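Take a look at the structure set out below.
Just so it is clear, none of the values below were taken in a lab; they were calculated from the coordinates. What you see is a predicted model; the values in this text were computed from it and never measured. All Cβ positions, even for glycine, are placed from backbone atoms using ideal geometry, and neighbour counts span all protein chains on display.
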């Protein structure tokens with residue numbers, strides 16, 4: 001089935017939302033854990049605001065309704081895989097209806113650090129059915145662009161070890177213990193997550209970016225591509241640049 | 001139409017059995033289910049009990065949403081599905097695996113009726129619950145709206161905002177909203193009775209009659225599983241009870 005145009009629903013209308021009222025831009029940054037998404041999101045936000053766009057940035061489990069419940073549930077030791085998926089989808093629906101849609105109505109640029117694709121990939125990595133997940137999250141809006149920061153598992157390992165310095169329980173899929181310890185479990189779980197994202201890549205028209213490149217270079221690629229979503233503004237930026245020069 | 005909407009729940013491949021009750025508020029289903037559970041226990045059978053909207057993991061989130069009236073039809077539906085997922089993963093499934101008879105007060109059918117009245121699509125909400133284990137028996141306590149309302153409005157102190165469907169703006173008066181909301185839910189239950197294969201119990205009958213009907217249906221359905229020892233049971237209690245008095 002072909003993907004509908006931006007700001008239409010994938011396959012299920014959200015009660016009370018008329019896509020015709022939406023006018024902003026919806027930009028998704030996707031990719032596995034520790035791949036450098038949040039760095040890019042904050043750079044993009046500053047850049048877009050400088051260009052005069054109002055920006056909303058949002059991300060998984062940050063919603064007013066379910067954000068705290070998810071954090072609490074992850075502190076305990078009883079959160080099952082289906083429950084986790086459902087909880088995250090609840091949070092996503094809450095942010096979509098109460099943050100993203102109102103911002104789009106008002107003409108904001110919405111940058112979201114992950115979208116339904118990560119939720120689906122995690123579910124698939126935990127053995128859930130891809131078709132079920134797709135329909136479950138079918139009320140999501142089609143973004144203007146999905147940037148997939150792609151890295152292989154060795155790169156992620158080095159980011160985790162050199163960066164935070166320790167493996168995270170959930171990012172290692174330790175709830176299902178894919179291996180005898182955090183390292184082995186991380187390798188197997190993240191391999192599954194990346195495989196699931198790769199499989200979605202074509203269908204959902206991801207724009208893939210090699211995340212092993214330096215952050216500045218990735219940012220320039222994102223700028224170039226996102227700039228094309230705003231044809232009029234780009235000439236402004238050019239003018240300003242040449243004036244400076 | 002009915003076929004197209006047929007939910008694909010997850011088949012129960014476990015030793016235990018899942019019995020659920022459905023019906024509008026005031027239909028008496030909870031009373032009947034607790035009588036049934038008590039009786040099954042007295043027969044020496046392993047019984048587990050799970051109630052709609054009771055997961056400790058999800059409780060604070062549901063409470064926050066209700067208190068601040070943050071729910072939309074979609075998030076209301078999803079948080080209840082999260083609640084159910086938690087109860088199924090952490091309690092219902094392990095109990096079924098162990099060979100218990102799991103009695104559930106409300107099941108996905110509540111969502112199929114109530115959330116659809118709230119405005120989510122029937123197809124979508126049926127997919128949401130595809131992970132839910134298919135009940136071995138589903139009782140629907142059918143009762144005319146006025147009878148149920150008489151039981152509820154007489155006996156309870158106050159109806160809450162979401163219970164009355166106040167979020168649907170059916171009426172500004174809470175009792176009137178409750179009446180209209182429950183009426184629509186009743187229509188949804190009636191409409192899905194065949195699709196879901198409900199055992200309909202006339203909930204206007206006496207409590208004793210309804211309970212006798214329920215026990216008969218349950219024994220018909222479970223006698224093999226009990227006789228073969230598939231259901232976890234205390235042999236002595238079972239023999240003592242069945243010897244002392246006839247089952248029905």
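Beyond 20 Å, what share of the Cα-Cα pairs of the range A:19-222 is found? Please give it as a whole percent. Of all Cα-Cα pairs in the range A:19-222, 58 percent lie more than 20 Å apart. Computed over all pairs of different Cα atoms, the Kirkwood value for the hydrodynamic radius of the protein assembly as shown is 25.0 Å. As a proxy for reagent exposure, ranking A:166, A:158 by other Cβ atoms within 10 Å from fewest up yields A:166, A:158.
Counted by neighbouring Cβ atoms within 10 Å, the residues A:135, B:221 run from fewest to most as B:221, A:135. Round to the nearest 10 and give me the degree value, 0 to 90, for the angle of helix B:207-227's Cα axis relative to the longest principal axis of chain B. That works out to roughly 50 degrees. Per residue of B:119-128, other chain Cβ atoms within 10 Å of the residue Cβ number 4 on average. How many angstrom separate the Cα center of the range A:112-160 from the Cα center of the range B:8-33? So the two Cα centres are separated by 34 Å.
What is the angle, in °, between the Cα long axis of helix B:73-87 and the longest principal axis of the Cα atoms in chain B? Nearest 10 is fine, range 0 to 90. Computed tilt is about 20 degrees. Fully extending the segment from residue A:152 to residue A:18 would add 44.3 nm, taking 0.36 nm per residue of separation and subtracting the current Cα-Cα distance.
To the nearest ten degrees, helix A:37-50 and the longest principal axis of the Cα atoms of chain A are 20 degrees apart.
Sorting the Cα pairs of the range A:24-94 by distance into bins of 10 Å, from 0 upward, gives 17, 38, 33, 11, 2 percent per bin.
A P(r) calculated from all alpha carbon pairs of chain B, with 10 Å bins opening at zero, reads 7, 30, 36, 21, 6, 1 percent. Panel order for B:140, B:91, by other beta carbons found within 10 Å of each beta carbon, from fewest to most: B:91, B:140. Counting DSSP beta bridges in the protein assembly as shown, what percent are antiparallel, to the nearest 5? Here the share of antiparallel DSSP bridges comes out near 5 percent.
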